[in-house]
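Trainee: Sharing a structure below in structure tokens format, with a few things to ask.
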Amino acid sequence: MVRRPTVERQPLALFRALSGDLAPRDAQDLMAYPFFSLAKTPRIAPIDFKAGEIAIRVEATAEHGMATIWDADVLIWAASQIVEARDAGLRPSRLMAATPYEILTFIGRGVGARDYQRLKAALDRLQSTTVATTIRQPPLSAPRRAQSSGQTSPPPAGGRRMHRFSWINEWKETADAAGRPYGLELILPDWFFAGVVDHALVLTIDRAYFDLTGGLERWLYRLVRKHGGRQRGGWVFDFRHLHAKSGSLSRFSDFALDLRRLAGRQPLPGYALRVRRLRGGGEALVFTPTAADPLARLAAQLDALAYAEDSL
């Protein structure tokens with residue numbers, strides 16, 4: 001029996017990164033679920049998340065640690081390149097080539113030797129972090145009836161198949177004919193590439209996102225942008241729900257305190273945050289697009305101050 005080659009074994013055409021001021025785009029699946037560490041210190045503990053038929057398991061190595069939400073900026077760069085090429089009638093590829101300068105300037109980083117070393121460390125974490133998920137995977141086959149006994153064999157546990165991958169299959173540094181370092185080449189996983197090529201699974205994000213310094217505020221912006229978009233009425237997230245969906249290792253009490261502080265600082269571009277007490281106890285985070293109400297950010301700041309004073 002002759003086995004057909006898999007997509008990974010087929011030769012990949014090299015896609016050279018486009019130049020110019022590209023709009024930053026993010027993959028919606030990455031925005032909605034806990035795929036990255038939110039801490040700047042190395043994380044080894046895995047992320048386990050389940051909601052209905054959605055299951056995610058993220059694992060890290062002791063050598064590199066888990067890919068962080070800052071490392072995910074490289075994937076935002078890659079998604080932006082793929083969408084721009086697709087919209088221009090070009091043919092993007094999972095095999096991408098670029099210079100460190102092009103990647104670093106796009107994601108708002110410096111371009112010195114130290115920044116280059118940090119970029120390489122990010123690529124190592126993206127390559128060594130493994131993800132297993134049921135997102136965008138087909139349901140498991142129905143149980144088969146054995147021909148001999150007529151009995152039905154039970155299906156495997158879980159409702160959908162799992163797809164396991166790393167954020168970057170492999171990467172390497174390239175050099176010119178004289179042996180001088182020239183750039184980088186990397187291969188993206190098929191799961192990520194397929195999600196970005198689909199028009200409905202990508203969103204444009206505010207370039208000010210790259211200026212956010214905290215892991216929680218970065219994650220929260222992506223979550224809000226994914227779920228709420230530009231709805232005039234905004235969106236409401238229960239604190240407990242946010243804690244579970246973030247994959248954070250922080251205690252809930254610390255996590256809740258950080259959310260209240262974020263509401264006081266109002267760091268998210270395009271959104272104002274409010275904390276609301278829920279009937280029966282608990283708290284929720286309410287966001288409103290500031291474009292819909294120019295005074296929303298000021299009102300939210302005053303509301304956060306009043307809430308803090310009332311909580312003393």
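The values are calculated or read from the model by the stated rules, or taken from the named source; none is laboratory data. Predicted model, so just to flag it, every value in this text is computed and none were measured. When we count neighbours, we look across all protein chains shown, and the Cβ atoms used for this are built from the backbone with ideal geometry, even at glycine.
Trainee: If G108 passes every condition in (1) crowded, with 19+ Cβ neighbours inside 10 Å; (2) part of a loop (DSSP other than H, G, I, E, B) but one, which one does it miss?
Mentor: The one condition G108 does not meet is (1).
Trainee: If a residue must be in contact with a Gly (Cβ under 8 Å, 6 or more places away or on another chain) and in a loop (DSSP other than H, G, I, E, B), how many such residues does segment 53-69 contain?
Mentor: Residues that pass the stated criteria total 2.
Trainee: Any idea which residue in segment 179-193 is surrounded by the most Cβ atoms within 10 Å (Cβ to Cβ), counting only those that are within 15 Å of the chain's Cα centre (by Cα) and among the hydrophobic types (A, V, I, L, M, F, W, C)?
Mentor: At the first step, the residues of segment 179-193 found to be within 15 Å of the chain's Cα centre (by Cα) are 188-189, 191-193.
Cutting the leftovers down to among the hydrophobic types (A, V, I, L, M, F, W, C) gives us 188, 191-193.
Values: L188: 28, W191: 18, F192: 23, F193: 20.
Taking the candidates together, the pick is L188.
Trainee: Step by step: first the residues of segment 207-256, then only those that are among the polar types (S, T, N, Q) and crowded, with 19+ Cβ neighbours inside 10 Å, then the one that is nearest to F35 (Cα to Cα). Which residue is that? Talk me through it step by step, then tell me what you get.
Mentor: Residues of segment 207-256 that are among the polar types (S, T, N, Q), as a first pass: 213, 231, 246, 248, 250, 253.
Subset that is crowded, with 19+ Cβ neighbours inside 10 Å: 246, 248.
Numbers: S246: 9, S248: 11 Å.
Only one residue fits best here, namely S246.
One line per residue, one yes/no per condition, for (1) surrounded by fewer than 21 Cβ atoms within 10 Å (Cβ to Cβ); (2) over 23 Å from L12 (Cα atoms):
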{"residue": "E63", "(1), (2)": "yes, yes"}
{"residue": "W70", "(1), (2)": "no, yes"}
{"residue": "L75", "(1), (2)": "no, no"}
{"residue": "A79", "(1), (2)": "no, no"}
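Trainee: Considering segment 70-88 alone, what residues qualify as being in a helix (DSSP H, G or I), over 16 Å from I205 (Cα atoms) and of a type in the set (D, E)? Show your work before the answer.
Mentor: As a first pass, look at segment 70-88 and keep what is in a helix (DSSP H, G or I): 73-87.
Filter again for over 16 Å from I205 (Cα atoms), leaving 85-87.
Result: D87, single match.
Trainee: What number of residues in segment 284-311 are crowded, with 20+ Cβ neighbours inside 10 Å and modelled with pLDDT of 90 or more?
Mentor: 1
Trainee: While we're here: If we keep just the residues of segment 122-148 that are part of a loop (DSSP other than H, G, I, E, B) and of a type in the set (S, T, Y), which is modelled with the highest pLDDT?
Mentor: It comes out as T129.
Trainee: Would you mind stating whether R91 is basic (K, R), assigned to a loop (DSSP other than H, G, I, E, B), out of contact with any strand residue (DSSP E or B) (no Cβ under 7 Å at 6 or more places or on another chain) and closer than 23 Å to V196 by Cα? Let's see the steps before the verdict.
Mentor: Working: basic (K, R): yes; assigned to a loop (DSSP other than H, G, I, E, B): yes; out of contact with any strand residue (DSSP E or B) (no Cβ under 7 Å at 6 or more places or on another chain): yes; closer than 23 Å to V196 by Cα: yes.
Considered against the rule, which asks whether it is basic (K, R), assigned to a loop (DSSP other than H, G, I, E, B), out of contact with any strand residue (DSSP E or B) (no Cβ under 7 Å at 6 or more places or on another chain) and closer than 23 Å to V196 by Cα, R91 comes out as yes.
Trainee: Exactly one of (1) under 20 Å from A67 (Cα atoms); (2) outside the structural domain of R25 (by TED's automatic domain parsing) is unmet by R251. Its number?
Mentor: (1)
Trainee: Within the set of pairs 6 or more residues apart or between chains, which connect a residue that is free of Cβ contacts under 8 Å to residues at least 60 places away in the same chain inside segment 206-224 to a residue that is buried (at least 16 other Cβ atoms within 10 Å of the Cβ) with Cβ atoms less than 6 Å apart?
Mentor: Once the first residue is free of Cβ contacts under 8 Å to residues at least 60 places away in the same chain and sits in segment 206-224, its partners that are buried (at least 16 other Cβ atoms within 10 Å of the Cβ) give L212/R218; E217/L262; E217/P267; Y221/Y209; Y221/L268.
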